[in-house]
1. I need a count of the residues in segment 116-146 that are part of a loop (DSSP other than H, G, I, E, B) and within 18 Å of Tyr227 (Cβ to Cβ).
2. For Val55, all conditions in the list (1) among the β-branched types (Val, Ile, Thr); (2) within 10 Å of the ligand (Cβ to nearest atom); (3) closer than 19 Å to Asn116 by Cβ hold save one; what is the number of the exception?
3. Evaluate the following for Gly238: is it modelled with pLDDT of 95 or more and assigned to a loop (DSSP other than H, G, I, E, B)?
4. Under 6 Å by Cβ, and 6 or more places apart or on different chains, what pairs join a residue from segment 13-35 that is among the hydroxyl-bearing types (Ser, Thr, Tyr) with one that is surrounded by 15 or more Cβ atoms within 10 Å (Cβ to Cβ) and not in a helix (DSSP H, G or I)?
5. Six or more apart or on different chains, Cβ atoms under 8 Å: show the pairs whose first residue is in segment 45-66 and farther than 24 Å from Val85 by Cα and whose second is crowded, with 17+ Cβ neighbours inside 10 Å and at pLDDT below 95.
6. Which numbered condition in (1) within 6 Å of the ligand (Cβ to nearest atom); (2) closer than 25 Å to Ser10 by Cα; (3) crowded, with 20+ Cβ neighbours inside 10 Å is the only one that Leu29 fails?
7. With the requirement that a residue be in a helix (DSSP H, G or I) and among the polar types (S, T, N, Q), what does segment 17-41 give you?
Amino acid sequence: MPSVRYEMPSDLSALASCLGRADGNTFLLGGGTDLLPRFHGRVPAGTTLIDLRTVAGLDTLATEGGVLTLGANVTYTRIARDPFVRDALPCLAEMAAGVGSEQIRNAACLPGNLANASPGGDAIGVLMALDATALILGPDGSTRALSIPELVLGIGRTALSRQEAILGVRIPVPGRRRSGFGKLGLGARREVVIANVSLTLVFGFDESAGRIDTARIVVGSAAPTAYRAPEAESLCLGAEPSARLAEALSDRLQAYVRESIGGNPLFAHKPHDVKGLALDLFHRVFADRF
Ligand SMILES: Cc1cc2nc3c(=O)[nH]c(=O)nc-3n(C[C@H](O)[C@H](O)[C@H](O)COP(=O)(O)OP(=O)(O)OC[C@H]3O[C@@H](n4cnc5c(N)ncnc54)[C@H](O)[C@@H]3O)c2cc1C
């Protein structure tokens, strides 16, 4: 009778060997917060679990040459508490601090969110706004890098094969930027809030001129995948932060979400949600400028 197989690769070469044997009944185990609930308390016989937490070297959280590397085993708790992330990439720290409960944040990691490819996955939009790439290991030990839009393709759909694992993400950190993440959601408990809509704002800001010089704006949970809002970004370029700009930006984002929900009455609240979220978030990111 087939039993459950539990693999504990100790390094990348052992992980690659496990990946080479992976089939349709093989699952990579990160924090397990998405995967294990799917089994409803019983892992089916014939399943192979590959535990990534035993792989050495996947717990790196470090910046070198203007790039932040977050290994696959770095939990949300570590991201949310890291002084560099909090200072340089507030949107990432805010997202991490807002995932689930403390127990979830102590276990869950970014790659599980990307591989799960839920429209409500908070990390996807933030990583897209930060222009992150995912580093992916194949069964022959080679690696490839994919941007977030190249990796996350649709609801529960990614560019990963069964025989690939995300080793971590890399985020360029080109000097100081202003950023923020917010979400609105429904949940009976504060700890279990699946986003109805989420928003990430990332701005390059010329502090002496008082003007925005780059903008990346990503809306999440309003379509099968998170998406950038180029017209909203253009609106901000060269502009001084102001209540008028916040209003115009929130109107533009509302129009985006109205279009992306495609008239679905179940989602009729989302355009209103994103408007309020955008106003709040913009004021928060530029709190010292109003
Ligand atoms: C109570 C609760 C609250 C939650 N709240 C939120 C929330 O607020 N926001 C949010 O976005 N999510 C939330 N989640 C979902 C979940 O915690 C996140 O998606 C988390 O990032 C998943 O990471 P993990 O390491 O636990 O992944 P796992 O559960 O280990 O894996 C998830 C999927 O990804 C695959 N996978 C894991 N690691 C890798 C890898 N390195 N390479 C390739 N594939 C991999 C697994 O095989 C599996 O298919 C919540 C879940 C629970 C149970």
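The values are calculated or read from the model by the stated rules, or taken from the named source; none is laboratory data. Since this is a predicted model, take the numbers as computed values, not measurements. Backbone-built Cβ (ideal geometry, glycine too); neighbour counts: all protein chains shown.
1. Pass one, segment 116-146, residues part of a loop (DSSP other than H, G, I, E, B): 117-121, 130-132, 138-142.
After this cut, where a residue has to be within 18 Å of Tyr227 (Cβ to Cβ) as well, the list is 117-121, 130-132.
Residues in segment 116-146 being part of a loop (DSSP other than H, G, I, E, B) and within 18 Å of Tyr227 (Cβ to Cβ): 8 in total.
2. Among (1) among the β-branched types (Val, Ile, Thr); (2) within 10 Å of the ligand (Cβ to nearest atom); (3) closer than 19 Å to Asn116 by Cβ, the lone unmet condition for Val55 is (3).
3. Working: modelled with pLDDT of 95 or more: yes; assigned to a loop (DSSP other than H, G, I, E, B): yes.
Judged against the criteria, Gly238 is a match.
4. Thr26/Thr48; Thr33/Ala108
5. Leu49/Val43
6. Among (1) within 6 Å of the ligand (Cβ to nearest atom); (2) closer than 25 Å to Ser10 by Cα; (3) crowded, with 20+ Cβ neighbours inside 10 Å, Leu29 violates only (3).
7. Initially, segment 17-41 is screened for residues in a helix (DSSP H, G or I), giving 17-21, 35-38.
Scanning segment 17-41 gives a single hit, Ser17.
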